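Data block below; observations after.
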Amino acid sequence: MARAARDAAADALRFFTRLPVPPAWGSPESAAIFEGVARAAPLAGLVVGLVGGAVLAGLTALGLSPLPAATLAVAAGVALSGALHEDGLADVADGFGGGRDRERKLAIMRDSRLGSFGATALILTLLARVSLGAALVEGLGPVAGLAVAAASTIARPAAVLPTVLLPPARAEGAGHAARPAASAVALGWALAAALAALLVGIGPGLAAAAFAALAASALSALARRQIGGVTGDVCGAAAALGDAAALTALALTLM
(Lines give C-alpha, C1' and ligand atoms only; values in the text may rest on other atoms or scores of the structure.)
Protein backbone atom coordinates (compact mmCIF):
# COMPACT_ATOMS: atom_id res chain seq x y z
CA MET A 1 0.00 0.00 0.00
CA ALA A 2 2.75 2.46 0.96
CA ARG A 3 4.74 1.63 -2.18
CA ALA A 4 1.67 2.05 -4.38
CA ALA A 5 1.01 5.47 -2.84
CA ARG A 6 4.65 6.45 -3.32
CA ASP A 7 4.60 5.35 -6.96
CA ALA A 8 1.37 7.24 -7.64
CA ALA A 9 2.82 10.39 -6.10
CA ALA A 10 6.01 9.94 -8.14
CA ASP A 11 4.01 9.51 -11.36
CA ALA A 12 2.04 12.68 -10.65
CA LEU A 13 5.14 14.72 -9.79
CA ARG A 14 6.94 13.47 -12.90
CA PHE A 15 3.93 14.28 -15.08
CA PHE A 16 2.99 17.70 -13.66
CA THR A 17 6.32 19.20 -12.59
CA ARG A 18 9.97 19.55 -13.51
CA LEU A 19 11.10 18.24 -10.13
CA PRO A 20 13.64 15.40 -10.19
CA VAL A 21 11.99 12.11 -9.23
CA PRO A 22 14.08 8.97 -8.57
CA PRO A 23 13.88 6.74 -11.68
CA ALA A 24 13.03 3.70 -9.57
CA TRP A 25 9.89 5.37 -8.25
CA GLY A 26 6.71 5.19 -10.28
CA SER A 27 4.65 2.69 -12.22
CA PRO A 28 6.34 0.68 -15.00
CA GLU A 29 3.21 0.31 -17.16
CA SER A 30 1.60 3.22 -18.99
CA ALA A 31 -1.93 2.35 -17.88
CA ALA A 32 -0.87 2.27 -14.24
CA ILE A 33 0.99 5.56 -14.68
CA PHE A 34 -2.16 7.43 -15.64
CA GLU A 35 -4.16 5.78 -12.87
CA GLY A 36 -1.54 7.05 -10.43
CA VAL A 37 -1.52 10.50 -12.01
CA ALA A 38 -5.30 10.74 -11.65
CA ARG A 39 -5.27 9.69 -8.00
CA ALA A 40 -2.27 11.71 -6.87
CA ALA A 41 -2.70 14.80 -9.09
CA PRO A 42 -3.66 16.97 -6.07
CA LEU A 43 -0.34 16.14 -4.38
CA ALA A 44 1.60 17.45 -7.35
CA GLY A 45 -0.61 20.53 -7.39
CA LEU A 46 -0.03 21.02 -3.68
CA VAL A 47 3.75 20.93 -4.15
CA VAL A 48 3.59 23.53 -6.92
CA GLY A 49 1.08 25.60 -4.96
CA LEU A 50 3.13 25.57 -1.77
CA VAL A 51 6.10 26.96 -3.69
CA GLY A 52 4.01 29.72 -5.26
CA GLY A 53 2.23 30.37 -1.98
CA ALA A 54 5.52 30.59 -0.09
CA VAL A 55 6.82 33.12 -2.62
CA LEU A 56 3.63 35.17 -2.26
CA ALA A 57 3.59 35.02 1.55
CA GLY A 58 7.32 35.67 1.91
CA LEU A 59 7.43 38.66 -0.42
CA THR A 60 4.30 40.11 1.14
CA ALA A 61 5.77 39.73 4.64
CA LEU A 62 8.90 41.53 3.42
CA GLY A 63 6.78 44.48 2.35
CA LEU A 64 6.53 44.00 -1.41
CA SER A 65 3.26 45.33 -2.79
CA PRO A 66 0.55 42.81 -3.79
CA LEU A 67 0.82 43.05 -7.58
CA PRO A 68 4.54 42.28 -8.01
CA ALA A 69 4.35 39.67 -5.23
CA ALA A 70 1.49 37.90 -7.00
CA THR A 71 3.29 38.15 -10.34
CA LEU A 72 6.40 36.46 -8.97
CA ALA A 73 4.29 33.80 -7.22
CA VAL A 74 2.54 32.89 -10.47
CA ALA A 75 5.89 32.89 -12.27
CA ALA A 76 7.30 30.46 -9.70
CA GLY A 77 4.41 28.05 -10.23
CA VAL A 78 4.67 28.26 -14.00
CA ALA A 79 8.42 27.62 -13.88
CA LEU A 80 8.03 24.63 -11.57
CA SER A 81 5.44 23.04 -13.87
CA GLY A 82 7.41 23.84 -17.01
CA ALA A 83 4.52 25.95 -18.38
CA LEU A 84 2.82 22.65 -19.23
CA HIS A 85 -0.71 23.91 -18.75
CA GLU A 86 -0.09 27.30 -20.31
CA ASP A 87 1.22 25.61 -23.45
CA GLY A 88 -1.96 23.52 -23.65
CA LEU A 89 -4.16 26.57 -23.17
CA ALA A 90 -2.39 28.47 -25.96
CA ASP A 91 -2.65 25.53 -28.37
CA VAL A 92 -6.34 25.03 -27.62
CA ALA A 93 -7.13 28.71 -28.10
CA ASP A 94 -5.23 28.84 -31.39
CA GLY A 95 -6.85 25.65 -32.69
CA PHE A 96 -10.40 26.40 -31.64
CA GLY A 97 -10.16 30.02 -32.70
CA GLY A 98 -8.26 29.67 -35.95
CA GLY A 99 -9.31 26.35 -37.47
CA ARG A 100 -12.05 26.08 -40.07
CA ASP A 101 -12.88 22.45 -39.42
CA ARG A 102 -11.96 19.63 -37.04
CA GLU A 103 -8.89 18.47 -38.97
CA ARG A 104 -7.53 21.99 -39.29
CA LYS A 105 -8.11 22.70 -35.60
CA LEU A 106 -6.19 19.57 -34.60
CA ALA A 107 -3.36 20.46 -36.98
CA ILE A 108 -3.06 23.95 -35.50
CA MET A 109 -3.02 22.51 -31.98
CA ARG A 110 0.03 20.44 -32.94
CA ASP A 111 1.84 23.50 -34.30
CA SER A 112 4.32 24.83 -31.73
CA ARG A 113 4.01 28.39 -33.00
CA LEU A 114 1.98 30.84 -30.91
CA GLY A 115 -0.89 32.60 -32.67
CA SER A 116 -3.03 35.58 -31.75
CA PHE A 117 -5.77 33.51 -30.11
CA GLY A 118 -3.25 31.62 -28.01
CA ALA A 119 -1.38 34.77 -26.99
CA THR A 120 -4.61 36.47 -25.99
CA ALA A 121 -5.79 33.48 -23.95
CA LEU A 122 -2.42 33.25 -22.18
CA ILE A 123 -2.30 36.96 -21.37
CA LEU A 124 -5.86 37.09 -20.06
CA THR A 125 -5.52 33.94 -17.95
CA LEU A 126 -2.20 34.99 -16.43
CA LEU A 127 -3.58 38.46 -15.76
CA ALA A 128 -6.57 36.90 -14.02
CA ARG A 129 -4.37 34.72 -11.82
CA VAL A 130 -2.03 37.58 -10.93
CA SER A 131 -4.83 40.07 -10.21
CA LEU A 132 -6.76 37.53 -8.13
CA GLY A 133 -3.61 36.72 -6.18
CA ALA A 134 -3.02 40.43 -5.57
CA ALA A 135 -6.63 40.89 -4.45
CA LEU A 136 -6.26 38.00 -2.01
CA VAL A 137 -3.11 39.58 -0.59
CA GLU A 138 -4.91 42.90 -0.12
CA GLY A 139 -7.68 41.15 1.78
CA LEU A 140 -5.76 38.49 3.68
CA GLY A 141 -2.12 39.51 3.79
CA PRO A 142 0.50 36.71 3.75
CA VAL A 143 -2.23 34.14 4.50
CA ALA A 144 -3.17 34.51 0.82
CA GLY A 145 -0.35 32.06 0.14
CA LEU A 146 -2.62 29.29 1.41
CA ALA A 147 -5.26 30.24 -1.15
CA VAL A 148 -2.68 30.01 -3.94
CA ALA A 149 -1.69 26.56 -2.70
CA ALA A 150 -5.34 25.45 -2.53
CA ALA A 151 -6.08 26.64 -6.08
CA SER A 152 -3.04 24.83 -7.46
CA THR A 153 -4.03 21.66 -5.60
CA ILE A 154 -7.45 21.69 -7.26
CA ALA A 155 -6.19 22.67 -10.73
CA ARG A 156 -4.33 19.39 -11.33
CA PRO A 157 -7.35 17.07 -11.03
CA ALA A 158 -9.12 19.53 -13.34
CA ALA A 159 -6.53 18.54 -15.95
CA VAL A 160 -7.65 14.91 -15.70
CA LEU A 161 -11.41 15.49 -15.73
CA PRO A 162 -11.77 15.84 -19.55
CA THR A 163 -10.35 12.33 -20.01
CA VAL A 164 -13.46 10.79 -18.43
CA LEU A 165 -15.93 13.24 -19.98
CA LEU A 166 -14.72 12.89 -23.57
CA PRO A 167 -13.48 10.25 -26.00
CA PRO A 168 -10.02 10.72 -27.53
CA ALA A 169 -9.97 13.22 -30.39
CA ARG A 170 -7.10 11.38 -32.08
CA ALA A 171 -6.18 7.73 -32.50
CA GLU A 172 -2.82 8.43 -30.83
CA GLY A 173 -1.24 10.95 -28.50
CA ALA A 174 -1.67 11.89 -24.83
CA GLY A 175 -5.44 12.24 -25.09
CA HIS A 176 -5.67 8.65 -26.29
CA ALA A 177 -3.14 7.16 -23.88
CA ALA A 178 -4.29 8.95 -20.72
CA ARG A 179 -7.51 7.09 -19.98
CA PRO A 180 -7.70 6.63 -16.20
CA ALA A 181 -10.73 5.00 -14.63
CA ALA A 182 -13.51 7.27 -13.42
CA SER A 183 -12.95 5.95 -9.90
CA ALA A 184 -9.33 7.15 -9.94
CA VAL A 185 -10.42 10.60 -11.13
CA ALA A 186 -13.12 10.75 -8.43
CA LEU A 187 -10.55 9.81 -5.81
CA GLY A 188 -8.29 12.60 -7.04
CA TRP A 189 -11.11 15.14 -6.76
CA ALA A 190 -11.98 13.97 -3.26
CA LEU A 191 -8.35 14.30 -2.17
CA ALA A 192 -8.12 17.76 -3.76
CA ALA A 193 -11.26 18.98 -1.99
CA ALA A 194 -10.01 17.59 1.34
CA LEU A 195 -6.59 19.23 0.99
CA ALA A 196 -8.16 22.54 -0.07
CA ALA A 197 -10.51 22.40 2.93
CA LEU A 198 -7.52 21.91 5.23
CA LEU A 199 -5.77 24.90 3.69
CA VAL A 200 -8.60 27.44 3.47
CA GLY A 201 -11.63 25.97 5.23
CA ILE A 202 -14.45 23.67 4.17
CA GLY A 203 -16.72 26.25 2.50
CA PRO A 204 -14.07 28.04 0.43
CA GLY A 205 -12.34 24.75 -0.40
CA LEU A 206 -15.52 23.16 -1.72
CA ALA A 207 -16.42 26.33 -3.63
CA ALA A 208 -12.99 26.35 -5.28
CA ALA A 209 -13.35 22.69 -6.25
CA ALA A 210 -16.82 23.35 -7.70
CA PHE A 211 -15.65 26.35 -9.74
CA ALA A 212 -12.68 24.40 -11.12
CA ALA A 213 -14.91 21.45 -12.01
CA LEU A 214 -17.33 23.76 -13.81
CA ALA A 215 -14.49 25.36 -15.78
CA ALA A 216 -13.08 21.97 -16.81
CA SER A 217 -16.56 20.69 -17.70
CA ALA A 218 -17.34 23.77 -19.79
CA LEU A 219 -14.06 23.39 -21.66
CA SER A 220 -14.84 19.70 -22.21
CA ALA A 221 -18.22 20.60 -23.71
CA LEU A 222 -16.50 23.10 -26.02
CA ALA A 223 -13.86 20.54 -27.01
CA ARG A 224 -16.61 18.05 -27.89
CA ARG A 225 -18.13 20.59 -30.27
CA GLN A 226 -14.84 21.77 -31.72
CA ILE A 227 -12.78 18.59 -32.16
CA GLY A 228 -15.02 15.78 -30.97
CA GLY A 229 -12.93 14.73 -27.97
CA VAL A 230 -9.98 15.27 -25.69
CA THR A 231 -6.28 15.83 -26.38
CA GLY A 232 -3.35 16.49 -24.07
CA ASP A 233 -3.69 20.19 -24.86
CA VAL A 234 -7.31 20.18 -23.69
CA CYS A 235 -6.17 18.66 -20.39
CA GLY A 236 -3.52 21.34 -19.98
CA ALA A 237 -6.01 24.08 -20.74
CA ALA A 238 -8.42 22.61 -18.18
CA ALA A 239 -5.73 22.91 -15.50
CA ALA A 240 -4.93 26.54 -16.38
CA LEU A 241 -8.60 27.52 -16.40
CA GLY A 242 -9.25 25.45 -13.28
CA ASP A 243 -6.55 27.37 -11.42
CA ALA A 244 -8.09 30.72 -12.38
CA ALA A 245 -11.59 29.47 -11.54
CA ALA A 246 -10.49 28.20 -8.12
CA LEU A 247 -8.78 31.51 -7.34
CA THR A 248 -11.98 33.31 -8.32
CA ALA A 249 -14.00 31.20 -5.91
CA LEU A 250 -11.50 31.81 -3.12
CA ALA A 251 -11.48 35.55 -3.73
CA LEU A 252 -15.28 35.54 -3.48
CA THR A 253 -15.49 33.41 -0.35
CA LEU A 254 -12.47 34.43 1.72
CA MET A 255 -12.84 38.21 1.55
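The values are calculated or read from the model by the stated rules, or taken from the named source; none is laboratory data. A quick note: this is a predicted structure, and the numbers were derived from the prediction, not measured. Please note: Cβ atoms are built from the backbone with ideal geometry, for glycine as well, and neighbour counts cover all protein chains shown. Heavy atoms of the whole protein, side chains included, go into the accessibility calculation; ligands, DNA and RNA do not. Shrake-Rupley method; radii C 1.70, N 1.55, O 1.52, S 1.80 Å.
Laid out as a table, the results:
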{"item": "By accessible area with a 1.4 Å probe, ligands and nucleic acids excluded, highest first: order of Glu103, Glu86, Glu35", "result": "Glu103, Glu35, Glu86"}
{"item": "Computed magnitude of the charge dipole of segment 57-182 (debye, nearest 20; Cβ of K, R +1, Cβ of D, E -1)", "result": "260"}
{"item": "C-alpha center-to-center spacing [segment 238-255, segment 48-63] in angstrom", "result": "17"}
{"item": "Cα lying deepest toward the dipole's positive end in segment 112-233, options Ser112, Pro157, Ala209, charges on Cβ", "result": "Ser112"}
{"item": "Ellipticity estimate at 222 nm from DSSP helix runs (n ≥ 4, -39,500 (n - 2.57)) divided over the chain, nearest 500", "result": "-27000 deg cm²/dmol"}
{"item": "Within segment 126-255: Cβ-based charge dipole about Cα centre, in debye rounded to nearest 20 (Lys, Arg +1; Asp, Glu -1)", "result": "280"}
{"item": "Which of Leu124, His85, Thr248, positive extreme of dipole for the chain (C-beta unit charges)", "result": "His85"}
{"item": "Per-residue SASA entry for Trp25, accessible area with 1.4 Å probe, Å² rounded to 10", "result": "100"}
{"item": "For segment 203-255, convex hull volume per residue from C-alpha positions, Å³", "result": "54"}
{"item": "Solvent exposure, largest accessible area first (probe 1.4 Å, DNA, RNA and ligands not counted), of Ile33, Ile108, Ile227", "result": "Ile33, Ile108, Ile227"}
{"item": "Ellipsoid semi-axes in whole angstrom, largest first, where each is sqrt(5λ) of the Cα gyration tensor of the chain", "result": "27, 22, 16"}
{"item": "Accessible surface ranking that places the most exposed of Leu166, Leu252 first, with a 1.4 angstrom probe", "result": "Leu252, Leu166"}
{"item": "Max mean-square fluctuation residue, GNM over the chain, Cα-Cα springs under 10 Å, options Ala192, Ala158, Ala169", "result": "Ala169"}
{"item": "FRET efficiency, 1/(1 + (r/R0)^6) with R0 35 Å, evaluated for Ile123 and Ala54 via beta carbons", "result": "0.85"}
